[in-house]
1. I want the local charge near Arg181. Using Cβ-Cβ distances under 12 Å, sum +1 for each Lys or Arg and -1 for each Asp or Glu among the other residues.
2. Can you compute the FRET efficiency between Lys93 and His190 using 1/(1 + (r/R0)^6), with r the Cβ-Cβ distance and R0 = 22 Å? Round to the nearest 0.05.
3. For region 59-89, run through the trypsin sites (Lys or Arg not before Pro) and keep only the ones in DSSP coil with at most 15 other Cβ atoms within 10 Å of their Cβ.
4. Any idea how many Lys pairs in region 83-192 come in under 16 angstrom at the alpha carbon, given 8 or more places apart or on separate chains?
5. Once you keep just the Cα pairs under 8 angstrom separated by 6 or more residues, what percentage relative contact order results for the chain?
6. Consider the candidate values (i) 51, 37, 32; (ii) 89, 60, 36; (iii) 109, 46, 37; state which one is Cα extents along the principal axes in Å computed from the structure displayed.
7. Specify the longest stretch of the chain that does not include any exposed loop site, a site being one of the GluC sites (Glu not before Pro) with a non-H, G, I, E, B DSSP assignment and at most 14 other Cβ atoms within 10 Å.
8. Would you mind calculating the gained length between Met169 and Gln130 on full extension (0.36 nm times residue separation, minus the Cα-Cα distance), in nm to one decimal?
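Quick note: the coordinates plus some simple rules give every number you see, no bench work behind them. Just so you know, these numbers come straight off a predicted model, no measurement behind them. Every residue, glycine among them, receives a Cβ derived from its backbone with ideal geometry; neighbour counts consider all protein chains shown.
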Amino acid sequence: MLAMNKIKILGTTAFVIAASIVITSCKDKRSTGWEYAPNMYEHKAYEYDQPNDNFKNGQTAQTPPAGTIPVGFKRFDYPNNKDGYEKASLEVKNPLPLTSNNIEDGKKLFTTFCSPCHGVNGQGDGTVVQHGYPPPPSYSKGQSSRGGAMKDLTDGKIYHTITYGVNAMGSYASQVAPEERWKIVMYVHHLQTL
């Protein structure tokens, strides 16, 4: 009799557990069960364009305080004018070491961003010239529109031009990171000798 009661108790317990599993699993077909770290997929943060009562102006996206610099951003405190160009020529030097890897990286970056206008060898014969656009000057034989020979351009002048652009060339500051610009500068110096 004692054995029968144990079997009934175990059987009833197993039935209750099985029934509760079945009932709870059928509750919501979209539910994945227990949630682990729900804050990773249920956003509690405001989107940048949503109204936000936490600020006086009611906007989520706030203007950064004056003088702040974004993470990973490097300042280039030379204005986009002739004086800034000349000052950069005198003061700005390439901080990267002159290595074959940096020159090879510079060649790849030049081929991607610069060769459509300047040509693969920097002679001003890129594909855009074949479509009727005016050719940029050759790095080894041409004259700069700002004065002087292209073969004499310094680190600072080339970097300034990549950062701000000149004439028909627009700024590449948003497409090419500062370190990548320095690698392009190294490769342009190589092209100046061709």
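1. Around Arg181, the charge tally is -2.
2. So, using R0 = 22 Å, E works out to roughly 0.85.
3. Listed in order of number, the matching sites are Lys74, Arg75.
4. Qualifying lysine pairs in region 83-192: 7.
5. Relative contact order of the chain: 18 percent.
6. Of the listed options (i) 51, 37, 32; (ii) 89, 60, 36; (iii) 109, 46, 37, (iii) comes from this structure.
7. Answer from the scan: 48-194.
8. Separation in residues times 0.36 nm, less the Cα-Cα distance, equals 12.4 nm.
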